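The values are calculated or read from the model by the stated rules, or taken from the named source; none is laboratory data. All values reported here derive from a predicted model rather than from experimental measurement. Don't worry about glycine lacking a Cβ; one is built from the backbone with ideal geometry, like all the others, and counts go over all protein chains shown.
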Amino acid sequence: MPDLLIELFSEEIPARMQASARENLKKLVTDGLVEAGLTYEGAGAFSTPRRLVLTLTGLTGQSRPVREERKGPRTDAPAAALEGFLRSTGLTLEQLEKRADKKAEVYFAVIEKPGRQAAEIVAEVLERTIRNFPWPKSMRWGAGNLKWVRPLHSIICLLGDEGGAHVVPMTIDGIEAGNTTGGHRFMAPARFPVSSFDDYAAKLRRAYVMLDSAEREAHIWNDAQNQAFARGWELVPDAGLLTEVAGLVEWPVVLMGAIGAEFLHLPPEVLQTSMREHQKFFSVKNPKTGRIEGFVTVANRETADGGATILKGNLKVLSARLSDARFFWENDLRVAKAGMGEWEEGLQAVTFHNKLGSQSDRIARMDALVNDVAPFMPGLNIDAAKVAAKLAKLDLRSAMVGEFPELQGLMGMYYALEAGEPESVAAAAREHYQPLGPTDVTPKALVSVAVALADKLDLLSGFWVIGEKPTGSKDPFALRRAALGVSRLLIENGLRAPLLRLFSAAAQLHVNHGSAASWEGVPADLLAFFHDRLKVFLRDQGIRHDVIDACLAMPGNDDLTLLVKRAEALQAFLGTEDGTNLLQGFKRANNILSQAEAKDGVEYAFGAEVKFAETDEERALFAALDAGAAAIKPAMAAEDFAGAMAAMAKLRAPIDAFFTAVQINTDNQIVRRNRLNLLHSIRALVGQVADLTKVEG
């Protein structure tokens, strides 16, 4: 069985596109081959800045013959129907077969397709893959029509087995497939032939190319760690940067340098961000001082001087970049120490949204919303929270955040401390953006939580008031993330806040601002949006969707902390034998009751009377329901859901015994009505805890 080697050799592919490109190459080619009738044993995809590579082992030499039968029109069908069938099959009338089919005679087409050689199929599939490759961005060059991410120079398409290897004949826009490739652009640019994947990989390594991106990442990380350790430093982990840098080099050479002493006073995040964003440098920390004091750069070649010239050039550029950062920092400190009034005035001219006013307007609304969330946050220092709300976004006008927007909030913390604000206020500037996603940390400090809630409530209510909600996959203002953020802030801090009231307060502020004439319908619609986001989040936490629905159907579902507490207790209860059996008994009772109410056109909601009970099991159920009501009501009042469900569990045996001993639809209409009312008592009592009609099973 032959093996297949494909290499698409081009100018440098952007690092951010390489991982998806190699996976797309693998999927498109293997799917195409399988669809055409070939099979394979294994596949591997690789990428470097200048090449995408696919290797397949155990490829079948040819596709199997195919015999297909198609049923056509009746033999007495109109001529147009017969002509259409002939066109679809590619056969003539003489090649069709007549067969009896029930009461008529119909035409059948027998289409036989012989097996095809693997080379022919590979050429077809690869050409289709190249011409339709899903690059995020692509380009044309020269006089051809081919589009690729960067100019494509050569193609290897090689089939090999025990008898040798041969090139699959194919030409795309003047590029003829062959068996040669090039090595490292600078260290071994000459082209050379290859005969198999093993031969290809070995020769590439001798030509200073590490084919496997995972190997390049490991080499960079290990070498950088060793060099840092030798100096008594520590490499700052950065998985994203590591992947990116591994996509920039074919032969990584790790070089380490020291940051100039004149820059060491800068905040570590400033140093790290500047080096990462501008020069793709890793940061190196001195554990004795806790400062970022060094950097790692990765060259794409070995040099006679051991990289000294490269390192010297990088240090020169780095010093210029850090000089800019130092200027921004020192200029911002001047404004911060003066109280940041300059930035506060500047935000009046910064539009947040053309329908929602300026950033200054937004700060005023956040300040007001702190008053609304404060009653639900016992222990909150409301004065500190209001100061924090006014300062949290002032760093948006700072020079540093203007250069590095990703530092917003963090720089606000530094500047607030320089302005003499307490740590709780400064921390809120950094933390009020959190959580930024389902795995991000959630603030715990009350001042930070209050400002974070105000920020997100203002954002959500504003866009709901002006009617700009997320649609499909489009969510340009990250409103889904904001809703999940509010939910996590409340749940993870155990806060009991009625969202409908907070939505109303936040929406009213936008109406007062003139964003809309009314906020009618906004709170209810926003709550439904929150419930949808919460369901996704809780499902990821392992809570069943039907359990969530059973709790959402209960009163007070705008108190998310209460809602989650109820859902967790219900899921735990349903996971027990008592819970499973009680659910079955409840569903049976509810089904019989619902059918009787639909048939009779009445609601059996009147109190059942024990005097009409005819059996001991019936009387035992009355007693159990009375005892259950006596236990469940105070448990629910105390929000002791586990206690309420423990009381519900005691209903299991009496309900089972009742259904075993009693016929509901008896001929005695008085007894029948009383038993149906008794079933209603079961539904009503259990319904105080959760709507079990929503639970599956």
With the requirement that a residue be under 38 Å from the mean Cα position of the chain (by Cα) and under 30 Å from Ala258 (Cβ atoms), what does the range 186-213 give you? Tyr208, Met210, Ser213
In the set Asp532, Asp549, Asp558, Asp525, which member is outside the structural domain of Asp361 (by TED's automatic domain parsing), assigned to a helix (DSSP H, G or I) and not β-branched (Val, Ile, Thr)? Asp549
From the list Leu28, Leu38, which residue is among the hydrophobic types (A, V, I, L, M, F, W, C) and outside any loop (DSSP other than H, G, I, E, B)? Leu28
Considering the range 165-218, residues that are surrounded by 14 or more Cβ atoms within 10 Å (Cβ to Cβ) and polar (S, T, N, Q), and then whichever is nearest to Val298 (Cα to Cα), we arrive at Ser213
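Just to be sure, is Gly697 at positive phi and either more than 42 Å from the chain's Cα centre (by Cα) or among the aliphatic types (A, V, I, L, M) (or both)?
No, not satisfied.
Residue by residue, here is whether (1) at positive phi; (2) under 17 Å from the mean Cα position of the chain (by Cα); (3) of a type in the set (Lys, Arg) holds:
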| residue | (1), (2), (3) |
| --- | --- |
| Phe463 | no, no, no |
| Ala478 | yes, yes, no |
| Gly494 | yes, no, no |
| Leu500 | no, no, no |
| Phe537 | no, yes, no |
| Asp549 | no, no, no |
| Met554 | no, no, no |
| Lys565 | no, no, yes |
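So which of Ala605, Ala631, Ala637, Ala646 is out of contact with any helix residue (DSSP H, G or I) (no Cβ under 9 Å at 6 or more places or on another chain), closer than 28 Å to Leu552 by Cβ and either of a type in the set (Gly, Ala, Ser) or buried (at least 21 other Cβ atoms within 10 Å of the Cβ) (or both)?
Matching residue, one of Ala605, Ala631, Ala637, Ala646: Ala637.
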With respect to the numbered conditions (1) within 30 Å of Leu322 (Cβ to Cβ); (2) surrounded by fewer than 20 Cβ atoms within 10 Å (Cβ to Cβ), which one is the sole condition not fulfilled by Leu391? (2)
Going residue by residue through the range 151-170, is there one that turns out to be touching a residue at least 12 places away in the same chain (Cβ under 8 Å), at positive phi and over 41 Å from the mean Cα position of the chain (by Cα)? yes
Conditions (1) touching a Ser or Thr at 6+ places or on another chain (Cβ under 9 Å); (2) in a loop (DSSP other than H, G, I, E, B); (3) within 24 Å of Leu391 (Cα to Cα); number of the one not met by Lys444: (1)
Check Leu490 against each of (1) of a type outside the set (Phe, Trp, Tyr); (2) in contact with a helix residue (DSSP H, G or I) (Cβ under 8 Å, 6 or more places away or on another chain); (3) modelled with pLDDT under 95 and name the one condition it does not meet. (3)
Determine, yes or no, whether Gly514 is in contact with a strand residue (DSSP E or B) (Cβ under 9 Å, 6 or more places away or on another chain) and free of Cβ contacts under 8 Å to residues at least 40 places away in the same chain. yes
Which condition from (1) charged (D, E, K, R); (2) surrounded by 13 or more Cβ atoms within 10 Å (Cβ to Cβ); (3) outside any strand (DSSP E or B) is the one that Arg99 breaks? (3)
Picking from Glu162, Glu234, the residue that is surrounded by fewer than 15 Cβ atoms within 10 Å (Cβ to Cβ) and charged (D, E, K, R) would be Glu162
For the range 375-419: of the residues being in a loop (DSSP other than H, G, I, E, B) and free of Cβ contacts under 8 Å to residues at least 60 places away in the same chain, which is nearest to Ala349 (Cα to Cα)? Lys393
Regarding Leu311, is this residue more than 31 Å from the chain's Cα centre (by Cα) and either surrounded by fewer than 16 Cβ atoms within 10 Å (Cβ to Cβ) or not assigned by TED's automatic domain parsing to the domain that holds Glu11 (or both)? yes
Residues within the range 486-529 that are more than 22 Å from Lys355 (Cβ to Cβ) and not aliphatic (A, V, I, L, M), tallied: 8
Within the range 136-159, count every residue that is out of contact with any Phe, Trp or Tyr (no Cβ under 7 Å at 6 or more places or on another chain), part of a loop (DSSP other than H, G, I, E, B) and surrounded by 15 or more Cβ atoms within 10 Å (Cβ to Cβ). 3
Taking interchain pairs and intrachain pairs at least six residues apart, which have beta carbon atoms under 6 angstrom, with the first residue in the range 297-319 and under 22 Å from Ala15 (Cα atoms) and the second assigned to a helix (DSSP H, G or I)? Thr297/Asn314; Val298/Ile220; Val298/Val245; Ala299/Ile310
Need pairs with beta-carbon distance below 7 Å; first residue without any contact (Cβ under 8 Å) to a residue 40 or more places away in the chain and surrounded by 14 or more Cβ atoms within 10 Å (Cβ to Cβ) and within the range 338-363, second assigned to a helix (DSSP H, G or I) and basic (Lys, Arg); sequence gap 6+ or separate chains. Phe352/Arg362; Ile363/Lys390
Expected single match for in contact (Cβ under 8 Å) with a residue 40 or more places away in the chain, outside any helix (DSSP H, G or I) and of a type in the set (D, E, K, R) among Glu618, Glu639 is Glu639
Could you tell me whether Val245 is assigned to a loop (DSSP other than H, G, I, E, B) and either out of contact with any helix residue (DSSP H, G or I) (no Cβ under 6 Å at 6 or more places or on another chain) or of a type in the set (Ser, Thr, Tyr) (or both)? no
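Just for the range 367-378: of the residues that are in contact with a helix residue (DSSP H, G or I) (Cβ under 9 Å, 6 or more places away or on another chain) and under 17 Å from Leu490 (Cβ atoms), which one is surrounded by the fewest Cβ atoms within 10 Å (Cβ to Cβ)?
Only one residue tops the list, namely Pro378.
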Quick one: in the range 565-581, which of the residues that are of a type in the set (A, V, I, L, M) and either at pLDDT 95 or above or closer than 15 Å to Gln688 by Cα (or both) is surrounded by the fewest Cβ atoms within 10 Å (Cβ to Cβ)? Ala569
